[in-house]
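Below is one structure, written out as structure tokens; comments come after it.
What follows draws every value from the coordinates through simple rules; no lab data is involved. This is a predicted model, so every value here is computed, not measured. Note that we place each Cβ from the backbone using ideal geometry, even for glycine, and neighbour counts take in every protein chain shown.
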Amino acid sequence: MRAFRIPLWLGFCAFAAIALFFLWEEHRAHILGALPYLLVLACPLIHFFMHRGHGVNHGNHPTSRR
């Protein structure tokens with residue numbers, strides 16, 4: 001008789017789900033308390049990625065004729 005075996009990735013997903021549940025239950029106040037600070041810290045990254053092409057003329061804009 002062959003032993004019952006589950007795929008490795010399914011076992012890892014089950015372990016990760018259980019670990020995340022207990023981390024959320026034990027550290028919910030810390031995580032939710034840090035969210036406003038994470039939003040403020042994300043602002044420079046948002047500006048960097050959203051405005052990265054401003055002010056640079058690559059010559060491919062229709063109004064940029066030399």
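Some observations on this one:
- Fewest-first sequence of Arg5, Arg28 by Cβ atoms within 10 Å of each Cβ: Arg5, Arg28
- Using distinct alpha-carbon pairs, which all enter the 1/r mean, Kirkwood radius of the stretch 8-50 in Å: 12.7 Å
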